[in-house]
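Single-structure report; data block below.
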Amino acid sequence: MVRINGTEEDVAGKTLAEYLEAAHYRIAYIVVERNMEIVPKTEYAATVLQDMDEVEIVSFMGGG
Amino acid sequence: MQKEDNLVLGGHEFHSRFILGSGKYSLHLIEAAVRDAGAQMVTLSVRRANTKEQENILDYIPEGVTLLPNTSGARDADEAVRIARLARELGCGDFIKIEIMKDSKYLLPDNYETIRATKILAAEGFVVMPYMYPDLNVARDLANAGAAAVMPLAAPIGSNKGLVTKEFIGILIQEIELPIIVDAGIGSPSQACEAMEMGAAAIMANTALATAGNLPLMAAAFRQAIEAGRKAYLSGLGRVLLRGASASDPLTGFLRE
Amino acid sequence: MVNQYFVDAGHLSGEALIKKRRLEREPASRTNHMEYQPGMEQITSDVRFKVTEQIKNYDAAVYTAKEVKNALEHETCSIEDLKALLSPAAESYLEQMAKRAQAETGKHFGNTVYLFTPLYIANYCENYCVYCGFNRYNHIRRMQLSSEQIEHEMKVIADSGMEEILILTGESRAKSDVHYIGEACKLARRYFRMVGLEVYPMNTEEYRYLHACGADYVTVFQETYDTDIYETLHLAGHKRVWPYRMEAQERALMAGMRGVAFAALLGLADFRKDALATALHAYYLQKKYPHAEISLSCPRLRPIVNNDKLRAMDVHERQLCQIICAYRIFLPFAGITVSSRESADFRDGIVKIAATKVSAGVSTGIGDHENKYNGKENETSAGDEQFAINDERSLHRMYQDILDEGLQPVLNDYLYV
């Protein structure tokens, strides 16, 4: 299982690019952090999600 | 030729002295708010992305506006640094507003952790704008840590109570060479104007606009108030001290030559 | 204008006389006053450049009554306001300046006036500063007190009730080395609660050593901040190096000294520019070292042994009062010392307005406190004075006079840590 934004998901073995596309993320507006390390956009296709990975996907929101 | 009166932050120049928050109101109002505020800088927060919502705030912020991401949500320096790095990776510049709160009731900034985060992020090349409780010693430490501005709170965040910390912000304006940007607690244009008359370099406001009946109109009111306050400050506003006329003996009667 | 500085030096050997005259007459024979000499520590600091920039652009004549009135109405006095308050236009507002200064002094110091006494322990000097009685070509009785003599003087002074002392020497590294001064500090710590130093500028490590010996306050008079005029007055010796002197206070603070004092000797150059520079020197250093205690002195040029013609030409009492009021309004927290160069009447008047510290029981000679305090003549063992003083009052008299003015004399409020 991979923990993505706090939710367990059964996506181990997929690449990050595959996951993001399937989940309809707009790549231009997000940053992905995997196990506390930022993943550069150019490495999404080569990054294979592993069991026990912790993934955070963030974007800008309104704020003061 | 008269030199332009610009706000300089980390080498970037702005002619607007109004930093607009984008929280707590509809994305559809942002464009009008930015336009009527004359704002060149808008704050944002970094949050977990939501796949359901396909619209993104970046679609609503006009071209040419500088983004100032904040680190809200951070409870210590390490979390703030983590958020700042994520924000920079989003590809919208090096500005970062450090906001570290351990206290969820009053949301008062943790000055100590803020100094720590400032030191780390300034060394990484960020243009660091720390939000802080107005304490002179802390402001000096922030300046020494490499901050590009200091952002003291006027009153508890979201309170709209105005310049509750006026005396202390005044001390920062006197003593700190960096721009002092009054952040949090400014509830009305008159309060923004008062801070600018004192010599504040800029005003950051969010809740005051978000809670107004007509947001773009309030944005315009803030803009005018901030500009008026700035002009009053530049014109050499004289604060007449209250000293009653005294008919005592002259103090200088002893002088001979 | 007749040169008021150079005095006949008939006592000198032929060679020395030739050297003296050449230094006086041939600028090319003098060393570069902006160049550090070997052994002088160079610190990285922008303070002197900031000060120089401000005085370069200061034209006191452009200020009018309007700027002066505005300055007096502002809650905090800006650099621009200070410039107005030091201008000729402000002279007509002296009484208003005094009232404002008095209010500021009251806010920070209440009614108190601090008392101290200077103790000269040696008058040997390697410099040739043309206006100074200790200069190396001046024919005076030279003297350096031994440890026993220093201790004796200190006892005499301490017995009078004094708790703060300022140790002075002429500027001779060879005769009065750092170790010698350190020994004097150690002795002083035993008799006084506060020990200040007014000696030649030195390096950070040397200040650190003297701090460990018990000194906590360093006074260095820059004399004038006008480097061109400075060059024509300080013709030889280490004092010739203007920037090394100007950075002395900063080195002292870096070494852990609690306080530093500043002064221009008013009357050597344009006194308005020099007053501005002194205030800004203190202001910028306080900004950089916020914990530092800052104080200012405001000496005017005085007659010396072998030259009674010396005067601070255009700095009259009114101008001096104006400068002191401007200092006070611009730096409300700073100590202001008025020395015995000024008359008793002037000092009594100015402590009510702005001065916070005065000397008492003063001698600027060497080893004559016994004589001065107890009336014991000891002609043979006294060295000549640096300059002529104008207020001869003893500590006891001064203390009573201050009380009579309705002020509170304070001998010390300080703890060495």
Quick one: would you say A:Glu21 is at the interface with another protein chain (Cβ under 9 Å from one of its Cβ atoms), surrounded by fewer than 20 Cβ atoms within 10 Å (Cβ to Cβ) and either out of contact with any His (no Cβ under 6 Å at 6 or more places or on another chain) or assigned to a loop (DSSP other than H, G, I, E, B) (or both)? no
How many of the residues making up segment B:197-239 are under 21 Å from B:Asp5 (Cα atoms), part of a helix (DSSP H, G or I) and polar (S, T, N, Q)? 1
Could you list, ordered by first residue, the pairs with Cβ atoms under 9 Å in which the first is in segment B:174-198 and farther than 22 Å from B:Ile98 by Cα and open to solvent by 40 Å² or more (accessible area, probe 1.4 Å) and the second is part of a loop (DSSP other than H, G, I, E, B) and polar (S, T, N, Q), at least 6 apart or interchain? B:Gln174/C:Thr76
State which residue is nearest to B:Pro152 (Cα to Cα) when the search covers only segment B:1-19 and only residues that are modelled with pLDDT of 90 or more, touching a strand residue (DSSP E or B) at 6+ places or on another chain (Cβ under 9 Å) and in a loop (DSSP other than H, G, I, E, B). B:Arg17
Of everything in segment C:259-273 that's crowded, with 24+ Cβ neighbours inside 10 Å and touching a residue at least 60 places away in the same chain (Cβ under 8 Å), which residue is nearest to C:Gly335 (Cα to Cα)? C:Ala261
Are there helices (runs of 4 or more DSSP H) fully within segment C:202-307 with at least 1 residues that are under 27 Å from C:His179 (Cα atoms)? List them. C:204-212, C:242-246, C:248-254
Would you confirm whether any residue within segment B:127-138 is among the charged types (D, E, K, R) and out of contact with any Phe, Trp or Tyr (no Cβ under 9 Å at 6 or more places or on another chain)? no
Quick one: in segment C:396-417, which of the residues that are among the β-branched types (Val, Ile, Thr) and either touching a Lys or Arg at 6+ places or on another chain (Cβ under 9 Å) or assigned to a strand (DSSP E or B) (or both) is farthest from C:Leu166 (Cα to Cα)? C:Val417
With C:Lys50, C:Lys83, C:Lys107 as the choices, which residue is within 14 Å of another protein chain (Cβ to nearest Cβ) and out of contact with any helix residue (DSSP H, G or I) (no Cβ under 9 Å at 6 or more places or on another chain)? C:Lys107
Out of all the residues in segment B:56-64, is one or more modelled with pLDDT under 95 and closer than 30 Å to B:Glu177 by Cα? yes
For C:Thr64, the lone unmet condition from (1) in contact (Cβ under 8 Å) with a residue 60 or more places away in the chain; (2) of a type outside the set (D, E, K, R); (3) open to solvent by 30 Å² or more (accessible area, probe 1.4 Å) is (1)
Which of the residues that make up segment B:6-63 are among the small types (Gly, Ala, Ser), within 14 Å of chain A (Cβ to nearest Cβ) and touching a residue at least 24 places away in the same chain (Cβ under 8 Å)? B:Gly21, B:Ser22, B:Gly23, B:Ala33, B:Ala37, B:Ala39, B:Ser45
Among residues belonging to segment C:103-124 that are of a type in the set (A, V, I, L, M) and more than 18 Å from C:Val410 (Cβ to Cβ), point out the one that is surrounded by the fewest Cβ atoms within 10 Å (Cβ to Cβ). C:Ala103
Inspect segment B:161-181 for any residue being at pLDDT 95 or above, under 26 Å from B:Leu215 (Cα atoms) and in a strand (DSSP E or B) and give the result as yes or no. yes
Please find, among C:Tyr131, C:Tyr124, C:Tyr114, the residue that is of a type outside the set (Asp, Glu), touching a residue at least 60 places away in the same chain (Cβ under 8 Å) and in contact with a Gly (Cβ under 8 Å, 6 or more places away or on another chain). C:Tyr114
I'd like to check something: does segment C:90-102 contain any residue that is open to solvent by less than 10 Å² (accessible area, probe 1.4 Å) and closer than 20 Å to C:Arg341 by Cα? no
Does segment B:111-142 hold any residues that are among the charged types (D, E, K, R) and open to solvent by 30 Å² or more (accessible area, probe 1.4 Å), and which are they? B:Arg116, B:Lys119, B:Glu124, B:Asp135, B:Arg140, B:Asp141
Counting only residues in segment A:29-59 that are among the aliphatic types (A, V, I, L, M) and more than 13 Å from every other protein chain (Cβ to nearest Cβ), the one least open to solvent (accessible area, probe 1.4 Å) is identified as A:Leu49
Scanning for something facing chain A (nearest Cβ under 9 Å), aliphatic (A, V, I, L, M), buried (at least 17 other Cβ atoms within 10 Å of the Cβ) and part of a loop (DSSP other than H, G, I, E, B), does segment B:83-94 turn up at least one residue? yes
Need the failing condition index for B:Thr165 against (1) within 11 Å of the chain's Cα centre (by Cα); (2) among the hydroxyl-bearing types (Ser, Thr, Tyr); (3) surrounded by fewer than 24 Cβ atoms within 10 Å (Cβ to Cβ), just the number. (1)
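The values are calculated or read from the model by the stated rules, or taken from the named source; none is laboratory data. What you see is a predicted model, and the numbers here were worked out from it, not measured in a lab. Cβ coordinates were reconstructed from backbone atoms using ideal geometry, including for glycine residues, and neighbour counts include every protein chain displayed. What goes into the accessible areas is simple: the full protein's heavy atoms, side chains included, and nothing from ligands, DNA or RNA. Shrake-Rupley method; radii C 1.70, N 1.55, O 1.52, S 1.80 Å.
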